[in-house]
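Below you'll find the structure, written out as structure tokens, and then a few comments.
The values are calculated or read from the model by the stated rules, or taken from the named source; none is laboratory data. If you're wondering where the values come from, they're calculated on a predicted model, not measured in any experiment. Note that each Cβ is placed from the backbone with ideal geometry, even for glycine, and that neighbours are counted across all protein chains shown. Accessible surface is based on the protein model in full, side chains and every heavy atom, while ligands, DNA and RNA are left aside. Shrake-Rupley method; radii C 1.70, N 1.55, O 1.52, S 1.80 Å.
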Amino acid sequence: VAVAYTGTNRVMTSPDGINWTARSAAEANEWYGVTYGDGLFVAVAKGVGPGGTNRVMTSPDGINWTARSAAEANEWYGVTYGDGLFVAVAKSGTNRVMTSPDGITWTARAHPEGEDNWWFSVTYGDGLFVAVASSGTNRVMTSPDGITWTARSAAEGNRWNSWFAVTYGDGLFVAVANSGTNRVMTSPDGI
């Protein structure tokens, strides 16, 4: 399942990653992140389009979507699932993290104090949630439970490194940036 921030159909699905079918989103919002966990696809939106009011949508099959309310009307960019919890991160807002045990009801969570960063991506691996940002002093934050977050230093964090995506696989966290001298950083522990 993939989501888009523009277009007529803002969801597409594929059984094999090669052949794709356009699908209707629950609302014509700016959908940026999607994840899967516990039998449910969950997508989050940066903003709402004409007639849109909800920044979360869920689907049991990736085809039929239902609009859901976010914890706050933030610019939500990234969402992941781990250890029985959906976690989303935002570029804006008072609380730039929200969590949900079911993808339907969301609770706002505080990001590390003083780290009003543009959090773009979050992943889960080896018992740890890891998020990356394109701005701020510390452009990584970690949490063992999705609720309490700790700021971490990125491998490179000068004004040129805009970290946009992070994932986990085979014992390693990997983040990529759209600018900077070195645009990939890796970590075996997320810290």
| query | If you scan the stretch 70-103, which residues turn out to be without any contact (Cβ under 8 Å) to a residue 40 or more places away in the chain and more than 23 Å from N117 (Cα to Cα)? | reply | P101
| request: With respect to R109, determine if the residue is out of contact with any Asp or Glu (no Cβ under 7 Å at 6 or more places or on another chain), within 15 Å of G82 (Cβ to Cβ) and of a type in the set (K, R). | output: yes
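Working only within the stretch 10-19, note down all residues that are assigned to a loop (DSSP other than H, G, I, E, B) and surrounded by 13 or more Cβ atoms within 10 Å (Cβ to Cβ).
R10
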| field | Residues located in the stretch 143-191, provided they are assigned to a strand (DSSP E or B) and of a type in the set (S, T, Y) | value | S143, T150, T167, Y168, T186, S187
| note | Of (1) without any contact (Cβ under 8 Å) to a residue 40 or more places away in the chain; (2) in contact with a Lys or Arg (Cβ under 9 Å, 6 or more places away or on another chain), W106 satisfies every one except (1)
| task | Scan the stretch 20-34 for residues that are in a strand (DSSP E or B) and open to solvent by less than 50 Å² (accessible area, probe 1.4 Å) and jot them down. | result | W31, G33, V34
| said: Let me confirm something: among N54, N117, which residue is touching an Asp or Glu at 6+ places or on another chain (Cβ under 8 Å) and on the phi < 0 side of the Ramachandran plot? | reply: N54
| remark: Considering residues that are hydroxyl-bearing (S, T, Y), open to solvent by less than 30 Å² (accessible area, probe 1.4 Å) and at pLDDT 95 or above, the number found within the stretch 120-150 is 4
| remark: Note on the stretch 35-85: residues polar (S, T, N, Q), in contact with a Lys or Arg (Cβ under 8 Å, 6 or more places away or on another chain), part of a strand (DSSP E or B) and open to solvent by 10 Å² or more (accessible area, probe 1.4 Å) are none
| Do we have G93 as farther than 16 Å from V34 by Cα, modelled with pLDDT under 95 and either open to solvent by 10 Å² or more (accessible area, probe 1.4 Å) or not in a loop (DSSP other than H, G, I, E, B) (or both) here? | no
| said: Would you confirm, using the coordinates I've provided, whether A88 is more than 29 Å from S153 (Cβ to Cβ) and either assigned to a loop (DSSP other than H, G, I, E, B) or touching a strand residue (DSSP E or B) at 6+ places or on another chain (Cβ under 9 Å) (or both)? | reply: no
